[in-house]
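Peer 1: Okay, handing you the structure first.
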Amino acid sequence: MMKKQLLSGFMALLLLAGIVSGCAAPAADGAQTGDIIDLGGLIDESVPLTGAPPISTVIMPVASGSATKAENSATIDYSNAKDGYVMVKWSGGGSPKLKVLITGPNTKEQYQYNLSADGSYNTFPLSDGNGSYSIGVYKQASGTQYTVVTTCTVSVQLSDEFAPFLRPNQYVNFNENSTAVAKAAELCKSCTTNLEKVEAVYNYVVNSLTYDTNKAATVQKGYVPNVDSVLAAGTGICFDYAALMSAMLRSQGVPIKLVVGYVGGSTYHAWINCWDENGGWVDEVIYFDGKEWKLMDPTFASSGNQSEAIMQYIGNGTNYKVKFLY
């Protein structure tokens, strides 16, 4: 009996030793140590030389439902606030005029948005950095008088500083099936850096779009750009130019700030800033004229036919004052 137990223990030790050493079984193809086998195409693969593939990087916002404030037919979903956005919907039916107001922790500017009444979620950026955001939904009572529907305060610690500037939102509205996204993939297929992508998209936009003076004279407050419609029409106002470029470049993984503010002291205007892998956020020098990068203002560059005078004006950052970032 003792001999049988010793034999069993010895066999168990042999098995354990084999497992630990990794030699308990031959290779899957039956080869043993010391055998010569042909690896064929598995060795010395070709060196990958192509640039960025013609694909998009569309990170869509999601109403996860894990952190919400629901009250009086309005829902504020802040489940993904760390990714730089909140989603809001109205489920009360009808066709009321609705507003979403967001105040950030740093600039204290109050961002005002229209909220659709169709029951779908609208996406709004949290673009004022880390800290406490006040978010409110309001319903029109009469004229400029609005009833408070619901409010909440959200403490935000962004997953990274780029989070608000890589995703779609109400003003930079695109998805995987957008024509603008497909065009960006085509334009950037050979680009390897962010600034190469910016240059490719910039050149396309300023040379393909014309400024719509009639639209500028008749556009109503609360206007929201439709980037695919702008691309198809080949014309637009400054907000359209900036939104289109922002959508195209964000879909290529380039962090882009759609900036709204004042140019020349009093003219309300929109332009973009981008992030460069080597220089960080490029806020005042984004257009490359062959010698240096200048402020990216696609509208002025296009409508001014990139003349020397207009490019000098664009290149002077003191002509621009930021108010909102989207």
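Peer 1: What FRET efficiency comes out for SER190 versus MET60 if R0 is 25 angstrom and r is the Cβ-Cβ distance? Round to the nearest 0.05.
Peer 2: Between SER190 and MET60 the formula returns 0.45.
Peer 1: On to the next question. Ordering THR193, THR144, THR150, THR107 by how much accessible area each has at a 1.4 Å probe, largest first, what is the list?
Peer 2: THR144, THR107, THR193, THR150
Peer 1: Of all trypsin sites (Lys or Arg not before Pro) in region 87-122, which ones are in loop regions per DSSP and have a Cβ with at most 15 other Cβ atoms within 10 Å?
Peer 2: LYS97, LYS108
Peer 1: What percent of all Cα-Cα pairs in region 158-206 falls into each 10 Å bin, going from 0 up to the bin containing the maximum distance?
Peer 2: 22, 46, 30, 1
Peer 1: To continue, here is another question. Need the full-extension length gain, THR68 to GLN220, defined as separation in residues times 0.36 nm minus the C-alpha distance. One decimal, nm.
Peer 2: Separation in residues times 0.36 nm, less the Cα-Cα distance, equals 51.5 nm.
Peer 1: Tell me, in nm to one decimal, what length is gained between THR235 and THR210 on full extension, where the rule is 0.36 nm per residue of separation less the Cα-Cα distance?
Peer 2: Taking THR235 through THR210 to full extension adds about 8.5 nm, to one decimal.
Peer 1: Consider a paramagnetic label point 7 Å from the Cα of THR179 along Cα→Cβ; state which residues of region 213-250 have an amide N under 11 Å from it.
Peer 2: 227-235
Peer 1: Turning to a different aspect of this structure: Could you do me a favour and compute the accessible area per residue for region 99-188, 1.4 Å probe, result in Å²?
Peer 2: 44
Peer 1: Using θ = phi - 60° and the Karplus form 6.51 cos²θ - 1.76 cosθ + 1.60, what ³J(HN,Hα) does each residue of region 154-160 get, whole Hz, x for Gly and Pro?
Peer 2: Here the 3J(HN,Hα) series is 10, 8, 10, 10, 5, 4, 6 Hz.
Peer 1: By per-residue mean of other Cβ atoms within 10 Å, what is the highest-first order of 128-134, 178-184?
Peer 2: Listed from highest to lowest mean packing, they are 178-184, 128-134.
Peer 1: Right, here's the next one. Using 0.36 nm times the number of residues separating ASP160 and SER134, minus their current alpha carbon distance, what extension gain do you get?
Peer 2: Net length gain for the segment: 7.3 nm.
Peer 1: As an exercise, identify the GluC sites (Glu not before Pro) in region 143-210 lying in DSSP coil whose Cβ has no more than 15 other Cβ atoms within 10 Å.
Peer 2: For GluC sites (Glu not before Pro) across region 143-210 that sit outside H, G, I, E and B with at most 15 neighbouring Cβ atoms in 10 Å, the list reads GLU161, GLU176.
The values are calculated or read from the model by the stated rules, or taken from the named source; none is laboratory data. This structure is a prediction, so every number in the text was calculated from the model and none was measured. Every residue, glycine as well, gets a Cβ built from its backbone with ideal geometry; the counts of neighbours run over all protein chains shown. Keep in mind that these areas ignore ligands, DNA and RNA; they rest on the heavy atoms of the full protein, side chains included. Shrake-Rupley method; radii C 1.70, N 1.55, O 1.52, S 1.80 Å.
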